[in-house]
Amino acid sequence: MRDELMQNGYCHLKGVDGPSFEQFITGLGAVILRTAVTVRPESRALVMSDKALDLHTDHQEARFIAWHCIRQTDHGGTSLVLDVGEVFDLLPEADRQRLAQIRFMAHRVFDGDPDEHPLLSQVNGHRRFYYAPFLVHSRHRAEPVLVKFRQLVREATPVMIDLEAGDVLVVDNHRMLHGRTAIFGSKDRQLDRCWIK
Ligand SMILES: O=C(O)CCC(=O)C(=O)O
């Protein structure tokens with residue numbers, strides 16, 4: 001499973017019970033935040049709505065995100081996964097250099113979180129992407145290279161996964177974008193999400 005995750009940037013497991021999920025995530029690193037992702041009309045958080053979520057990364061400190069599906073709605077809520085580096089590499093070198101410097105507002109969750117984060121940083125020789133289109137700085141919003149990149153992301157074909165109860169989806173948050181389609185039907189859906197450092 002770990003090999004698959006390292007190779008493809010994500011893995012999808014079926015029939016995982018609670019204790020096995022705990023064991024699996026502990027093997028990946030330290031859990032820095034745990035959230036029950038459900039549809040809560042009273043919440044202002046987009047993730048808790050029934051809306052589609054455009055492809056994005058989560059908090060910059062989360063190397064992996066693991067979702068354990070507890071319940072799935074009966075229509076919609078399909079998970080989307082896309083290798084952002086493959087889209088980035090479609091651009092000419094000059095565009096890539098410019099794009100790498102575009103800054104998004106950072107997810108501010110923990111004490112000491114920075115105000116903003118670049119789209120691309122190099123950490124120990126590895127590329128680390130951060131792409132939060134709904135957190136783009138107003139000064140960058142109309143930058144032609146960002147507009148072009150957003151279009152390429154929209155046109156790309158993500159992997160689509162319909163999670164069922166007991167399934168686990170793990171993504172490398174520094175390499176893959178994730179999102180979901182809108183949630184219809186019963187909307188009785190719960191994913192236990194872990195950010196893993
Ligand atoms: O609801 C989902 O399938 C994914 C939600 C999401 O984007 C997130 O947990 O960051």
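The values are calculated or read from the model by the stated rules, or taken from the named source; none is laboratory data. Note that this is a predicted model, so its numbers are computed, not measured. Please note: Cβ atoms are built from the backbone with ideal geometry, for glycine as well, and neighbour counts cover all protein chains shown.
Of the strands (runs of 3 or more DSSP E) contained entirely in the stretch 98-197, those carrying at least 1 residues that are β-branched (V, I, T), more than 12 Å from the ligand (Cβ to nearest atom) and under 23 Å from D3 (Cα atoms) fall at 120-123, 159-161, 168-172, 190-196. For the stretch 90-106, taking the residues that are among the aliphatic types (A, V, I, L, M) and free of Cβ contacts under 8 Å to residues at least 40 places away in the same chain, the one that is nearest to R141 (Cα to Cα) is identified as M105. Counting only helices (runs of 4 or more DSSP H) that sit completely within the stretch 1-90, those holding 1 or more residues that are under 12 Å from H178 (Cα atoms) correspond to 84-88.
Among the numbered conditions (1) on the phi > 0 side of the Ramachandran plot; (2) touching a helix residue (DSSP H, G or I) at 6+ places or on another chain (Cβ under 9 Å), the only one that A156 does not meet is (1). Counting residues in the stretch 177-190 that are out of contact with any strand residue (DSSP E or B) (no Cβ under 7 Å at 6 or more places or on another chain), under 21 Å from T73 (Cβ atoms) and among the hydroxyl-bearing types (S, T, Y) gives one or more. A Cβ distance below 6 Å, combined with a sequence gap of six or more or placement on separate chains, defines the contacts here; from the stretch 5-23, residues that are under 11 Å from A165 (Cα atoms) reach residues that are at pLDDT 95 or above and part of a loop (DSSP other than H, G, I, E, B) in the pairs K14/D167; G15/G166; V16/G166. The condition of being surrounded by fewer than 20 Cβ atoms within 10 Å (Cβ to Cβ) and either modelled with pLDDT of 95 or more or near the ligand (Cβ under 10 Å from one of its atoms) (or both) holds for only one of A94, A66, A62, that being A94.
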